[in-house]
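Before anything else, here's the structure in question.
The values are calculated or read from the model by the stated rules, or taken from the named source; none is laboratory data. Bear in mind the structure is a predicted one, so any value in this text is a computation, not a measurement. Here the Cβ positions follow ideal geometry from the backbone for every residue, glycine too, while neighbour counts run over all protein chains shown. Heavy atoms of the whole protein, side chains included, go into the accessibility calculation; ligands, DNA and RNA do not. Shrake-Rupley method; radii C 1.70, N 1.55, O 1.52, S 1.80 Å.
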Amino acid sequence: MYMIESKGGAISCMLLALFFLGTWPAIMTLTERRGRLPQHTYLDYTITNLLAAVIIAFTLGQIGPSRPNFITQLSQDNWQSVMFAMAGGIVLSLGNLATQYAWAFVGLSVTEVITASITVVIGTTLNYFLDDRINRAEVLFPGVACFLIAVCFGSAVHKSNAADNKSKLQGFKSLETTSSFQIEAGPADSGLEKGKAKEGTAAYLIELEKQRAIKVFGKSTIIGLAITFFAGICFSLFSPAFNLATNDQWHTLKHGVPKLNVYTAFFYFSISAFVLALILNVRFLYWPILGLPRSSFKAYLNDWNGRGWSFLAGFLCGFGNGLQFMGGQAAGYAAADAVQALPLVSTFWGILLFGEYRRSSRRTYVLLITMLLMFIVAVAVLMASSGHRK
């Protein structure tokens with residue numbers, strides 16, 4: 001199997017993982033805003049997410065002189081470590097599923113900020129002690145503090161932006177009774193120009209609500225924040241569980257049984273995530289939540305609108321997670337949690353693709369810029385804490 005042995009190689013894996021893990025949520029959000037049911041999108045996503053783990057296992061897990069390789073470990077008596085890996089996959093799957101609904105309520109940027117910050121504060125602390133403190137605490141924990149500050153600014157950004165949107169929509173009393181004529185004849189700053197709504201305007205927000213799959217107008221943002229915090233707790237546990245699977249800190253393996261390598265653990269991790277996602281999303285087809293329309297497995301198979309994007313999101317997430325674990329095994333999983341600064345990437349996509357924060361107040365812009373600066377500092381500090389696993 002192929003092993004990352006240098007700190008530079010580990011940091012390169014983390015940076016690439018940061019890009020991949022910050023991009024796939026934007027793609028999932030894109031399909032939802034175009035009206036595709038999240039159940040359909042997530043079923044497609046789970047297929048390629050698992051396929052990415054299989055590709056990594058049969059390539060990187062098989063090449064190189066290091067032993068044991070992936071196929072050899074499949075027949076070894078290592079079920080205790082396999083259970084830790086599968087537990088990690090289950091909580092990650094629950095977190096990913098929750099965020100898909102949270103994005104609609106509180107936006108891509110804020111969802112990623114809150115979940116990433118909870119992940120780093122809890123997950124990094126657990127990984128630091130599990131890894132026998134190979135990361136430099138005097139550098140690591142100031143980085144964690146930066147994430148704590150970032151989540152405070154993230155909450156402030158959400159509150160300020162929500163107030164901006166409410167102000168834009170004051171001229172429209174009810175979405176359901178608002179017609180195209182009313183939008184055109186609405187307030188002077190409603191944003192309709194030659195039949196096309198400008199991003200960030202009231203007309204744009206109303207058109208988006210009518211087109212998207214998850215309807216959020218009139219619903220409390222507390223629902224979205226509750227879903228977001230639940231996802232953050234789930235995300236904070238998957239990396240420590242994976243750490244236990246690959247390093248056996250609790251000495252659950254029998255004497256002489258090799259520890260799981262990253263690729264074998266990631267394979268089992270992805271299997272459990274796939275099975276849970278399949279079960280939950282098939283159920284949501286027939287018994288949907290949050291007011292979504294009922295669907296069926298046949299309707300899912302016939303829905304090719306955005307399927308390619310959904311497949312791409314699964315590949316990006318799968319390879320991103322694999323790279324994160326490869327970097328963590330080499331430099332410490334606490335340092336690898338730097339990839340949770342994915343709001344740096346997702347906020348860029350949110351602004352570029354969805355017009356998030358367009359025509360917002362100066363206060364919102366100041367808070368947004370401050371939040372992003374805190375994430376840049378956090379990434380630099382966490383990666384600087386990288387150690388070397390002996």
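On average, how much accessible surface per residue is there in the range 35-157, in Å², for a 1.4 Å probe, leaving out ligands, DNA and RNA?
Ligands and nucleic acids excluded, the result is 33 Å² per residue.
Output the 0 to 90 degree angle, nearest 10, between the alpha-carbon long axis of helix 343-354 and the longest principal axis computed from the alpha carbons of the chain.
Rounded to the nearest ten degrees, it is 30.
Now for a different question. Ignoring ligands, DNA and RNA, please state the percent of accessible area on the chain from carbon and sulfur, probe 1.4 Å.
About 67 percent, which is the carbon plus sulfur part of the accessible surface.
Any idea what angle helix 362-384 forms with the longest principal axis of the chain, computed on alpha-carbon atoms, 0 to 90 degrees, nearest 10?
10
Which value, in Å², gives the accessible area per residue of the range 232-303 when a 1.4 Å probe is used on the protein heavy atoms? Before the final figure, lay out each step's value.
Values: 3320 Å² over 72 residues.
The answer is 46 Å² per residue.
Going by alpha carbons, how many degrees (0 to 90, nearest 10) lie between the helix axis of 137-168 and the longest principal axis of the chain?
Taking the Cα atoms of the chain, the angle to 137-168 is about 20 degrees.
Leaving out ligands, DNA and RNA but keeping every protein chain, what accessible area does SER272 have, in Å² rounded to the nearest 10, with a 1.4 Å probe?
Looks like 10 Å² after rounding.
From the alpha carbon gyration tensor of the range 1-40, can you work out the equivalent ellipsoid semi-axes (sqrt of 5 times each eigenvalue) and give them in Å, largest to smallest?
Whole-Å semi-axes of the equivalent ellipsoid: 33, 11, 4.
Right, another one. Using a 1.4 angstrom probe on the protein heavy atoms only, line up TRP304, TRP287 by accessible area, largest first.
So, going from the largest accessible area down, we get TRP304, TRP287.
Please name whichever of VAL120, GLY232, VAL139 sits farthest to the positive end of the charge dipole of the chain, dipole taken about the Cα centre and charges placed at Cβ: Lys and Arg +1, Asp and Glu -1.
GLY232
Continuing with this model, one more query. One-quarter of the Cα convex hull surface for the range 51-110, in nm²?
With the hull built on Cα positions only, its mean projection is 5.9 nm².
With the radius of gyration and the Kirkwood radius both derived from the Cα set of the chain, what is their ratio Rg to Rh?
1.01
As an exercise, find the ratio Rg/Rh for the range 248-322 from alpha-carbon atoms, using the Kirkwood inverse-distance average for Rh.
Using only Cα positions, Rg/Rh for the range 248-322 is 1.15.
Quickly estimate the mean residue ellipticity at 222 nm for the chain, helices only: each DSSP H run with n ≥ 4 gives -39500 (n - 2.57), and the total goes over all residues, rounded to 500.
Numbers: 16 runs with 267 residues, N = 390.
Here the helix-only value at 222 nm equals -23000 deg cm²/dmol.
Another question about this same structure. Give, as a single signed number, the net charge of other residues whose beta carbon lies under 14 Å from the beta carbon of GLY327, with Lys and Arg counted +1 and Asp and Glu -1.
Local net charge: -1.
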